[in-house]
Each structure stands twice: as structure tokens, then as C-alpha cells.
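Accompanying notes for the structure given below.
The values are calculated or read from the model by the stated rules, or taken from the named source; none is laboratory data. Just so it is clear, the structure is predicted and the values come from calculations on it, not from any experiment. Positions of Cβ are backbone-derived with ideal geometry, glycine not excepted, and every protein chain shown enters the neighbour counts. Heavy atoms of the whole protein, side chains included, go into the accessibility calculation; ligands, DNA and RNA do not. Shrake-Rupley method; radii C 1.70, N 1.55, O 1.52, S 1.80 Å.
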Amino acid sequence: MTEAWILQTSEIRRPFSRATWIPLRASLSDEQGNVKEVGYVGDVFACGSVAFPKLHQEFAGRLSWSDIGIGHTVAPYAYSDGHYSPIDEYQYNDKEPIGINLVFEHPQPVVGGRQWILNPDLVVALGLIKEGPNWVRPEEDFVVVARETVDSDGSHRLIEIKREFLMDYLAARGLSLRLSYYRQRVENVASLKDSPYAGLNEIQEQREGGRYELRIKDLAAVFGGSWGFFRMWRTDVDEEEDAPIMGPETDDNTASESSEGHRSGYSGVRVEGEFWRDEWIEHQGKSIRVRGDQDQNLPHFIVDTDGSRKFSAELNDEDIGRWLWFRPSVVTELLTHRGFSLKWYTAETGAINSTSGYSIHFGINASELITVYAYDIARLPAWEQFVWAASNVAPEGKVSAELLASQVKAQPADTHAVEELLFGCMRLLEAEFRKVFGVSLFSHEIDDEASMQHVSRFSSKDQTSLLLLAKELVRIFSDRLDVRSLRKLSNHPDKEKLGSNKLLQSILAQKAGEARAREVFAAIAGAYDMRLGDAHPTSSKIGEAIKLAGIDTTASYLRQGEQLIRNFGHAVWCTGSLLFGEQEKSEG
């Protein structure tokens, strides 16, 4: 260890009032070696806290380690006169609550362990859920708000909370948090002069709003010295009696013995630094989450062709009458966040559902930009607005025609997204296959809604991501085909060697002929070859595979992704149409 370590130099100059994480209750101890021997190192941190309303804050400023530190018991109490003190109340005198406990103690003497409980009012007010050792807030991208540390036996050692969220809660309740904490650091060294602490002397001083003490003692003075032992017992109990009764204690029915000695043999020096400090965690009068105060730290958005911007608060009006334009990459960026999902309404409109509970209705315009009604963005939580703002661009290509048809004309377009058509066609083919052949087409089920988050035109941003999209299509269709069932239905002479796509194609050829089957399966075969190209990006066959899949490489990658999904879905639809005798037609 070092001199700065024992003096706690870094820790003392960093108060929790400026820290990201605030300990609400702590009892941390890290020890190495035997406390009575040279080489022992100990590091202890303990903290207690109570929240006080303004009414009691002046008095609470006199409370310290002995009043609200880790030794303060947080528990309910029932008085004999019928008065009950709930666990969240902090009482300085009996029946006089002056503060609020944010962490509760739950002793478990029967099963063992020490449990601490974060105040449920704080949990519900901030909208938290428990995930492992953390409390997270789903409405803000599942950010960790509070966290706990436990021993191997499950006993709690620490519960801490992010200052930003604590201040929000304190502001809503009009409370200030009083912390009282203690840190002890100890090292046993062979001799002071040969240690990092050679130049130190014992200290007792006020430092940075706290009290620091440095003690330097010989181990013999700490653990050695005289000892005494005394034992006293009764002599008037007949152990053979069935129900013995002891009478009053007298000199005649008692006996005793005593001994004394001296402990020695402890060599070395104990260097111990201790620090106590009390501090306040004050709110700033703003509670955006709990009380719903207006957030002043919101982004600006480009609202006109000249690049002019408006502050988010100016757009937070249902009758604002403006739309905003965004790069399509904003969709995939949002979908990387947990709890977000994409839903399609028409061929060119859909919605992004977020953990905040809002559904953002969007449209794709002629310039392949995402257009959204400005109010829908302005009412989102701040962090979501910043994600959208990062992709905000000046208006180009007008508002999506299909979005206007829905939001202005109240006549939603009668069109369908290729993504939804693909999954619908797969379900139809699967149902007919089971109905006609009596076997399953697929070896296992998938969640259509979850899979559609990956099978989307927005996934295609460049050639690499286009090839990854092809891999997803193969995963949800070709890789799921039940090869065993298909081999039973196929009459191809080499069916034992064929893969899933070729087997299904051979079954289609039995009904529609080899040429037609090969034509229908071109898009599926192209996607499969593109999937292989993803694994080998330098392959010269990638261009051929893309062409086979029917993709126009002069189009944008967004439209190439759309074409890939459309052609794949059309191949699935044609397969069912030809196999089961329906008149073949396009999906449009």
C-alpha cells in the first residue's frame, strides 16, 4: 500500500454530492491476511442515509454517524399502546418521525443472511424493474438506476443509486438526503521505518468537511496485554431429580474459579487511518420523471428547407401542422435498443413502438427519407428525441404520400409491406402443405413478429448488410424446411443428396415442370447464394447471386433490400399457388 492510500487522499477529496453513484446503505469490507499478524490489509467502507423534508432539515444537520450511520436500525416497531411506526419512518425520538428511510433492513435469522430492500415508493415512482442485481428503468432504454452488491451467502453489502434519478425523486417529494459514512484502512507492517508510512505521525484533524484520524500502534499494544478469566457456577442442583428446582443464590450454593495471564508475541506495527463525514445530497427543484416537469435540455429539429430549426418544446403541440424528415438509418438505430419494435401498416408506412409507450407513425417518401409528424417526436422522452435528432435532415422529397393519405385524408392506402406479405405467404404455404400432404413443411416454429425486426428493408444499408439480409431470409425459410419430410415426398433420383431448397423445388417440379420450378425458385436460390457470399465477401459469385435474386443494383440499398424480400416472398407464394392448384398471380 502507499501513504496516499492510508491517508485516503483521493477518497476524501471526492464527496458523493458530485458523484455519479450515491450509496444509500453500505457495509463493505475487504480483508487480506490475519488481523493480528504482519501483512494484514483491511479496507472498510460503511454508509447510512436518511431523507429529510425541509421542515426537519436544520435539525437533521446535527445528526451524524451514531444517528444515521450503518449502526442505525431500519425496522418497523409496534408500541404497547397501539402506536405503530412503519419501516419507512425515521424517528429521532419515539413516535416522532422526522425523516424517510430509502433502504429497509430485513433480518432473516432463521434462514440466515441479511437482506436490504430498496424503498418500494422510490421503485414505483421511478418506474423501475429488478433485473439480477440491478433496478432498471425500461422507459429510458433500460438504463441501470440502482444496483446492489451481495456476499456469497446473499447478504447485502451495498445498495447505491444514480444521482440523476435520486435527485429527480427527492425533488418530487421535497426531500434532501443526509449521508453519514465511515472509511477505515489498516495495514500491519514489520516496522514503521521500513514501510511506506515512515514519515507519518499520528493525526487527528478536520479535512474536507470530515474528520480524519491516523493511529500508529505496536501490534503488541493492540492485541497483547493482561487477561483475566472468571467462572461461577451453582452447586445445589441434583441432576438425578426429574424436575429440579433451584433456590435463591447464596454463598453456600455457589462456587467459582479465576485465572489471569498475559498475551504477548505480537510483532509489528498497525497503521490505521479512519475518516468520518456527513454530507447532503440536494435536489435542484426539477423532477422530470416523477412529477413530469418540463425538460429544458431537449434537442432542436430541422423543420424547413432552409435548414431552420425549432426547439422541441415548440413542436410539442398536436396542432403544430409540421412534419420532420430523417435518414432511414434511424429505424435500425432505434431497433438496436431493447424493447423497440417495427410494425408495418401499408407498403410505405409503419410504426416504431418504443419502451416509452409511444408508437411513432412514419412514412417513406419519394427520396427514401423517413417522414414523421413533428408532434409525435416532440412528445417522446428526451433520450429518444436525441436518437431521432441525430438522423434529422432538411426536408426533401415531400412528405410520404401514404403517410399523408392516412394522417391528412383519413384514407389509408390499400397496400401491403413486402415484409408482412413474405411472412403471410410462408404461413399460407405451411398451412396448405400440412393440409394436403399431412406433414409439416418446417422443422420448427419462429416468432413472426420477432423475426420481422431483422427481415426488413431498413436492414439493407450497403452490400454487406444486404448479404446479411439474405442470410436472415434463408434462416427463416430454407434452414427451417423439414428435409426428412421433403425427401419422403420427392421422387428425384438424387433426393438423398439434395438440400432443403432443392428438395422443395423438386416437389414443385413434379407438379409444374422443371423449367417453371427453376424459374420460381430463382429468387430463393439467389438469396441462398448471397448468404454464402456473406461468408466469403471476395467471392466472384456475389454479383451472379444478386442478379439471380432479381435485384436491380442501380437502385438504392434500401430498395435493393425491399426487392430481395419481395422477390423471395413472391417465390414462396408462387410455390404454394402452383403446388395446390390455385391460379398463379402476383402478390400485388
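Name the residue farthest towards the positive end of the dipole of region 201-325 from the options VAL237, VAL271, GLN284, assuming +1 on Cβ of Lys and Arg, -1 on Cβ of Asp and Glu, about the Cα centre. Working it through, the farthest residue towards the positive pole turns out to be GLN284. Across region 483-563, C-alpha contacts under 8 Å between residues 6 or more apart give a mean separation that, scaled by the residue count, equals a relative contact order of 20 percent. Selection among ALA78, ALA146, THR415 by position relative to the dipole of the chain gives THR415 as farthest towards the positive end (Cβ unit charges, Cα centre).
Measuring nothing but how far apart in sequence close Cα pairs (under 8 Å, 6+ apart) lie, relative to its length, the chain scores a relative contact order of 11 percent.
Under the convention that each Lys and Arg Cβ holds +1 and each Asp and Glu Cβ holds -1, the size of the dipole of the chain around its Cα centre is about 3000 debye.
Relative to the dominant Cα principal axis of the chain, helix 418-437 is inclined by about 80°.
Which entries of LYS193/LYS217; LYS511/LYS547; LYS130/LYS162; LYS471/LYS541 show an alpha-carbon separation above 18 angstrom in the structure shown? Correct reply: LYS511/LYS547.
The heavy atoms of THR554 offer some 120 square angstrom of accessible surface to a 1.4 angstrom probe. With θ taken as phi - 60° and the Karplus curve 6.51 cos²θ - 1.76 cosθ + 1.60 applied, the whole-hertz 3J(HN,Hα) list for region 392-400 is 5, 9, 5, x, 7, x, 6, 6, 3 Hz, x standing for glycine and proline.
Once the Cα atoms are used to define both axes, helix 163-173 deviates from the longest principal axis of the chain by about 80 degrees. Taking SER267, SER465 and ordering them by how much accessible surface each has at a 1.4 Å probe, largest first, produces SER267, SER465. Entry note, region 1-100: relative contact order of 18 percent, from Cα contacts under 8 Å with a spacing of 6+ residues. Residues LYS310, LYS461, LYS409, LYS95, sorted by accessible area with the largest first, give LYS409, LYS461, LYS95, LYS310 [1.4 Å probe; ligands and nucleic acids excluded]. Taking the 1.4 Å solvent-accessible surface of the chain as the whole, the part contributed by carbon and sulfur is 48%. Accessible area of HIS106 (1.4 Å probe, protein heavy atoms only, ligands and nucleic acids ignored): about 80 Å².
The 1.4 Å probe gives accessible areas that order THR464, THR149, largest first, as THR464, THR149.
Set against the 2.2 N^0.38 Å expectation for a compact globular protein, the chain has a Cα radius of gyration ratio of 1.47. Entry comment: accessible area of region 85-233 is 48 Å² per residue, from protein heavy atoms only and a probe of 1.4 Å.
For every helix of n ≥ 4 consecutive DSSP H residues, a contribution of -39,500 (n - 2.57) applies; sum these over the chain, divide by its total residues, and give [θ] at 222 nm rounded to the nearest 500 deg cm²/dmol. Don't skip to the answer; put the middle values down first.
On the way: 21 runs with 183 residues, N = 588.
Helix contribution divided over all residues of the chain: -8500 deg cm²/dmol.
Kindly report the accessible area of region 431-588 per residue (heavy atoms of protein chains, probe 1.4 Å, no ligands, DNA or RNA), in Å². Intermediate values should be presented prior to the final figure.
Numbers: 7880 Å² over 158 residues.
Using a 1.4 Å probe on heavy atoms only, each residue of region 431-588 averages 50 Å².
For region 171-222, the alpha carbon convex hull comes to 127 Å³ per residue, rounded to a whole number. For region 211-364, the normalised intensity computed at q = 0.19 Å⁻¹ comes to -1.31 (log10 of I(q)/I(0), Debye sum over alpha carbons, equal scatterers, no solvent). What is the sum of charges, Lys and Arg at +1 and Asp and Glu at -1, for the other residues whose Cβ falls under 15 Å from the Cβ of SER308? Every neighbour counted, the sum reads -1. Using heavy atoms of the protein chains and a probe of 1.4 Å, the accessible area assigned to THR305 is about 100 Å².
Rounded to a whole number, what is D in µm²/s for region 53-121 from Stokes-Einstein with the Kirkwood radius over alpha-carbon pairs (4 °C, 1.567 mPa s)?
On the way: Rh = 13.4 Å.
Result for D is 97 µm²/s.
Within the set of other residues whose C-beta is less than 13 Å from the C-beta of PRO120, count the net charge using Lys and Arg as +1 and Asp and Glu as -1. Could you put the intermediate results ahead of the total?
Working: positive: LYS130; negative: ASP88, ASP121.
Result for the local shell: -1.
Just the number please: accessible area per residue for region 274-349, 1.4 Å probe, all protein chains included, in Å². Before the final figure, lay out the partial values.
Details: 3840 Å² over 76 residues.
Here the per-residue accessible area is 51 Å².
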